[in-house]
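Just below is one structure, and these are the notes that go with it.
Rule-based calculations on the coordinates, nothing more; no lab input. What you are looking at is a predicted structure, and each value in this text was computed from that prediction instead of being measured. Every residue, glycine as well, gets a Cβ built from its backbone with ideal geometry; the counts of neighbours run over all protein chains shown.
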Amino acid sequence: MSLGPDAGRLPAAFLAAGSSSFTEFVGAHAPQLLPSRRPLPPGGAFEAPHGTTIAALTFAGGVVMAGDRRATLGNIIANRDMEKVFAADEYSAVGIAGTAGIAIELVKLFQVELEHYEKIEGTLLSLEGKANRLASMIRANLGMAMQGLSVVPLFAGYDLDRSQGRIFSYDVTGGCYEEKDHHSVGSGSLFARGAIRKLWRPGLSTDEGVSVAVEALYDAADDDSATGGPDLGRGIWPTVAVVDQDGVRFLPDDVLQGVVEQVIAGRQGNPGGAR
Amino acid sequence: MTSMPFYVSPEQLMKDRADYARKGIARGRSVVVLGYDRGIAFVAENPSRALHKVSEIYDRIAFAAVGKYNEFENLRVAGVRYADLRGYSYDRIDVTARGLANAYAQTLGTVFTQESKPYEVEIVVAEVGDSSDSDQIYRLTYDGSVADEHGFVAMGGAGEQIETALKQRWRPGMSLADALSLAVELLGKDPAGGKDRSLGAAQLEVAVLDRERPRRTFRRIGGSLLTALLNSEDPTRDAPEVDDATPGHHDILTGEVPRDATTNPQTQRDAPHGTGAEPGPAPGDGD
């Protein structure tokens with residue numbers, strides 16, 4: 001690189017008109033920053049920390065998303081207090097299961113993507129628009145998924161046009177499916193899904209919704225070794241995000257402690273939990 | 001520029017370009033940027049609700065411009081891209097107004113000397129600090145020169161007259177209501193010496209960088225809140241600390257329905273909860 005007269009000037013990609021997508025801009029200007037554009041070493045799958053169970057369910061005024069806190073590396077617990085549920089923007093949350101490093105990078109990219117659109121266009125993207133942007137990011141990650149570095153998110157948000165909470169699930173090829181009422185992803189999702197199915201009913205209140213999500217994660221941790229249960233000794237509680245017409249909020253630790261203690265108390269002598 | 005029959009001295013060439021750019025800028029209405037006790041306020045005379053002269057760039061950085069809309073809009077988008085790319089590849093706190101002002105200066109300077117037509121714009125990049133001493137306001141002109149301004153800037157057609165008046169009347173630590181009233185009064189003065197106009201909320205575009213807010217500090221001010229702030233008899237002196245409750249984009253404060261303070265309109269959680277060391281989703285995020 002020589003220091004020409006244009007040195008220091010914003011490169012042409014910055015001044016190009018048209019796109020309000022941060023990913024497209026980065027893809028054109030600095031593709032090495034995108035997880036999907038990095039070449040992978042040849043060879044088979046290798047091991048990296050994995051994040052596990054995420055559960056989401058709708059309630060009367062919106063949607064709740066909860067995730068456990070464990071990341072595993074084979075039989076080792078790689079991290080016992082990582083967070084897997086993030087606010088994507090003011091009205092949506094995204095939870096991740098799969099290869100933790102790439103998943104967190106994708107979430108970060110997704111957050112910037114939404115904020116970037118908001119600033120350039122001066123308006124919020126529709127909920128379907130956000131879900132589709134996430135789908136295209138997962139789709140671009142297919143090459144990595146085939147080498148074992150898959151990421152499967154769960155996306156939930158409050159739809160301002162319909163005034164309700166909605167949930168979208170994904171597969172590794174970037175397929176985006178709207179889920180009715182509730183859904184769960186990750187290694188403990190079978191157990192979580194079973195629990196939610198039995199406990200969920202239309203018109204739950206916010207508190208009931210939170211408690212169902214925590215019950216579901218408890219059941220997942222009960223039967224899946226890769227899902228971490230609440231840790232009373234260390235004070236590690238599941239991450240719970242509530243998305244409603246006021247936006248996204250994360251429940252504080254003291255509230256979660258109360259919910260978890262209630263769930264555990266309900267299971268004394270009744271290990272199957274609420275029903 | 002393919003055939004030049006006569007020799008044109010570089011001085012003359014640059015002067016012609018500068019005159020051309022200056023004329024373009026002088027045609028537009030003015031914009032005032034001034035500090036107040038809790039942040040930096042931006043006031044523009046702009047009846048449009050969609051074509052903004054003042055915009056958010058990043059958490060603590062905003063942009064204001066006068067001149068040709070298509071040119072400064074292009075620069076604004078470039079600034080958002082610059083800031084988001086920097087914040088994405090480093091960290092949110094590493095995005096600074098100084099870096100952006102330098103990038104703009106290089107760009108404007110190169111265009112001024114090398115392209116057939118200079119940008120007919122004048123822009124301000126401002127960053128709100130933890131206290132008014134650490135606020136930064138950079139003014140950039142069409143030829144790429146940068147000035148580090150203290151307290152206030154006025155640009156556009158009547159920029160010079162407004163700045164002269166601000167020098168006498170602006171004080172550090174003014175309340176938002178006082179700062180806005182002063183800016184609006186000066187914007188309404190006719191530079192040719194004619195009758196003063198009184199500008200109402202509908203003709204103004206007003207925004208603030210509010211240093212007390214976490215993370216994204218940029219808020220537009222409109223509706224009844226702006227009317228109340230501009231009315232000297234109204235007790236409202238400052239923007240409310242909570243956003244509006246109306247679901248939707250929360251960069252606009254109207255003061256009509258205050259929002260439940262427990263919700264957090266931020267993209268990421270602003271403080272790690274729980275005890276002990278927790279890595280959290282974005283290390284070192286926010287403050």
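For this structure, a couple of remarks:
- Of the two radii for the protein assembly as shown, the radius of gyration is 1.03 times the Kirkwood radius, both from the alpha carbons; that is the Rg over Rh value.
- Nearest-20 debye value, the protein assembly as shown charge dipole, Cβ charges on Lys, Arg, Asp, Glu: 1060 debye
- The phi torsions of region A:250-260, fed into the Karplus equation with coefficients 6.51, -1.76 and 1.60 and a -60° offset, translate into couplings of 9, 6, x, 4, 5, 5, 4, 4, x, 5, 5 Hz, rounded to whole numbers, with Gly and Pro shown as x.
- Peptide-level mean, for A:20-30, of C-beta atoms on other protein chains within 10 Å: 2
- 9 Å beta-carbon shell around B:V125, net charge (K/R +1, D/E -1): +1
- Of all lysines in the structure, the ones whose alpha carbon falls short of 16 Å from that of B:K117, not counting any fewer than 8 places away in one chain, are B:K15, B:K23, B:K68.
- Per-pair calculated FRET efficiency, R0 = 60 Å: B:S232 and A:N79 via Cβ, rounded to 0.05: 0.55
- Region A:49-266: Cα Rg divided by the 2.2 N^0.38 Å rule of thumb: 0.95
- The packing ranking, built from the mean of other Cβ atoms within 10 Å per residue, places the peptides B:65-71, A:241-247 in the order A:241-247, B:65-71, highest first.
- Less than 5 angstrom separates the built amide H of B:R215 from those of B:D287, all sequence-distant by 5 or more or on a different chain.
- Members of B:K53/B:K167; A:K130/A:K198; A:K119/B:K195; A:K108/A:K198; A:K119/B:K167 lying beyond 27 Å, as alpha-carbon distances in this model show: A:K130/A:K198; A:K119/B:K195; A:K108/A:K198; A:K119/B:K167
- Close amide-amide hydrogen proximity is noted between A:S150 and A:T99, each under 5 Å apart and 5 or more residues distant or on a separate chain (H modeled in the peptide plane; Pro and chain starts excluded).
- Within 10 Å of the Cβ of each residue in A:112-120, the mean number of Cβ atoms contributed by other protein chains is 6.
- A simple packing score, the average count of other Cβ atoms within 10 Å per residue, orders the peptides A:181-191, B:10-20 as A:181-191, B:10-20, with the highest score first.
- B:R171 paired with B:E185, simple spin-label distance in nm, labels 7 Å along Cα-to-beta-carbon: 1.3 nm
- Taking GluC sites (Glu not before Pro) across region B:98-176, the ones in a DSSP loop with at most 15 further Cβ atoms lying within 10 angstrom of their Cβ are B:E115.
- Computed from Cα positions, the angle between helix B:176-187 and the longest principal axis of chain B comes to roughly 20 degrees.
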